[in-house]
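The structure under discussion appears below in the form of structure tokens.
The values are calculated or read from the model by the stated rules, or taken from the named source; none is laboratory data. All of these numbers come straight from a predicted model, not from anything done at the bench. No Cβ is skipped: glycine too gets one built from the backbone with ideal geometry, and neighbour counts run over all protein chains shown.
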Amino acid sequence: MNTELTEETERPIFPFTAIVGQEEMKLALLLNVIDPKIGGVMIMGDRGTGKSTTVRALVDLLPEIQVVADDPFNSDPWDPELMSLEVRKLVQQKKLPVISTKISMVDLPLGATEDRVCGTIDIEKALTEGVKAFEPGLLAKANRGILYVDEVNLLDDHLVDVLLDAAASGWNTVEREGISISHPARFILIGSGNPEEGELRPQLLDRFGMHAQVGTVKDAELRVKIVEQRASFDQDPKAFREAYKISQDNLREQIKQAIERLPNVKIDHDLRVNISRICAELNVDGLRGDIVTNRAAKALAALGNREQVTPKDILTIIPLCLRHRLRKDPLESIDSGLLVKEKFSQVFGYTTKTNNS
């Protein structure tokens with residue numbers, strides 16, 4: 001019913017399962033939906049490689065969540081960490097109207113101001129009426145959802161800092177003239193960009209959980225298939241989406257089950273030690289690389305309907321988790337992940353030849 005409503009009232013969305021190639025990008029996005037604590041994903045690649053199309057296609061697959069009705073922050077009815085202060089007061093009074101809604105995706109435009117992103121406080125109303133008049137921004141709307149920034153490498157560094165701080169802490173605080181207001185801001189941050197237009201500063205890049213690289217498809221047959229699919233979708237979006245309905249439903253159910261399975265997934269101590277050895281031997285600063293790799297490996301196992309992480313799981317995701325954390329010459333492009341795979345092979349004694357994709 002929701003899907004029909006979307007098709008009738010909004011611009012049709014290209015089906016996620018119809019996207020050909022770019023498996024690395026698709027996997028990174030799915031794993032972040034399964035475990036938002038992975039910390040988001042940065043997608044870098046050439047123009048016209050389907051970065052925005054793939055991210056927006058993810059909307060169709062997002063599960064429903066329960067939120068407090070009429071709350072601008074999508075507060076969780078049961079988790080205090082995901083509640084606004086007003087909702088916490090309602091909890092004490094036991095007046096919580098709850099509704100189900102689809103996880104939302106919020107687009108952050110390049111020209112957005114800090115007030116638009118963080119929200120504003122009406123100082124005049126606060127002083128004259130003695131109330132904290134807060135106008136929520138995009139961070140409030142994105143709470144418990146996805147915040148997508150296209151061309152993130154062209155975004156003002158100050159705004160990127162604000163986004164990453166909110167994503168890391170889970171809270172957004174707005175202060176004006178001695179008045180301070182905080183609200184939950186837990187979201188999956190997805191950024192995309194073209195490396196030709198400039199890279200993010202290393203200290204900002206490191207804050208993204210995963211880094212996916214996308215390239216232009218070289219295979220002629222595959223290129224023809226992509227062009228034909230796009231033409232079919234543009235000609236009759238409804239019929240095209242209907243053709244992929246079963247695969248979309250199956251993937252949606254797979255994601256839902258993976259989210260439920262995730263708390264039960266285990267990763268053996270010796271595998272965790274090997275992950276940390278790889279990070280140490282690659283001179284990865286801090287422990288963020290270790291943490292993200294562990295989380296992503298567990299999310300992949302959950303997606304694969306398993307409750308035990310295998311070395312193959314780690315091999316699949318470790319280039320995405322570490323390639324942007326390696327120290328490198330400023331003139332070099334980000335390591336393709338081959339160095340990470342070589343180190344994995346040394347530490348695990350596990351061949352990578354059959355797993356390159």
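A few comments on the model shown:
- Matching residues in region 233-278 - criterion: being polar (S, T, N, Q) and in contact with a Leu (Cβ under 8 Å, 6 or more places away or on another chain): Gln248, Gln254
- Residue within region 258-274 that is surrounded by 19 or more Cβ atoms within 10 Å (Cβ to Cβ) and either touching a Cys at 6+ places or on another chain (Cβ under 9 Å) or modelled with pLDDT under 85 (or both) present: no
- The lone exception for Thr293 - which of (1) over 22 Å from Ile34 (Cα atoms); (2) hydroxyl-bearing (Ser, Thr, Tyr); (3) in contact with a Cys (Cβ under 6 Å, 6 or more places away or on another chain) it fails: (1)
Every residue, every condition in (1) outside the structural domain of Ala168 (by TED's automatic domain parsing); (2) surrounded by 12 or more Cβ atoms within 10 Å (Cβ to Cβ); (3) among the aromatic types (Phe, Trp, Tyr), yes or no:
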| position | (1), (2), (3) |
| --- | --- |
| Met210 | no, yes, no |
| Glu221 | yes, no, no |
| Arg230 | yes, yes, no |
| Gln235 | yes, no, no |
| Arg241 | yes, yes, no |
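- Test: Glu199 is farther than 21 Å from Arg327 by Cβ, of a type in the set (Asp, Glu) and touching a helix residue (DSSP H, G or I) at 6+ places or on another chain (Cβ under 7 Å): no
- Residue-level analysis places Lys37 outside the set of residues that are under 29 Å from Ser192 (Cβ atoms), of a type in the set (D, E, K, R) and buried (at least 22 other Cβ atoms within 10 Å of the Cβ).
- From the list Arg306, Arg277, Arg295, the one residue that fits, being surrounded by fewer than 20 Cβ atoms within 10 Å (Cβ to Cβ), in contact with an Asp or Glu (Cβ under 9 Å, 6 or more places away or on another chain) and not assigned by TED's automatic domain parsing to the domain that holds Ile38, is Arg306.
- Every residue from region 171-199 that is under 16 Å from Val214 (Cα atoms) and touching a Ser or Thr at 6+ places or on another chain (Cβ under 7 Å): Ser192, Pro195
- Restricted to region 235-294, the set of helices (runs of 4 or more DSSP H) holding at least 2 residues that are closer than 19 Å to Gln308 by Cβ and out of contact with any Phe, Trp or Tyr (no Cβ under 6 Å at 6 or more places or on another chain) comprises 245-261, 269-281.
- Per-region count, region 243-288, residues touching a helix residue (DSSP H, G or I) at 6+ places or on another chain (Cβ under 7 Å) and among the basic types (Lys, Arg): 4
- Region 283-292, residues that are touching a residue at least 12 places away in the same chain (Cβ under 8 Å) and either surrounded by fewer than 16 Cβ atoms within 10 Å (Cβ to Cβ) or farther than 17 Å from Leu205 by Cα (or both): Asn283, Asp285, Gly286
- Selection of first residues in region 339-357 that are assigned to a loop (DSSP other than H, G, I, E, B) and of second residues that are among the aromatic types (Phe, Trp, Tyr) and modelled with pLDDT of 70 or more, restricted to Cβ pairs under 8 Å at least 6 apart or on distinct chains, gives the following pairs, ordered by first then second residue: Tyr350/Phe344; Thr352/Phe344.
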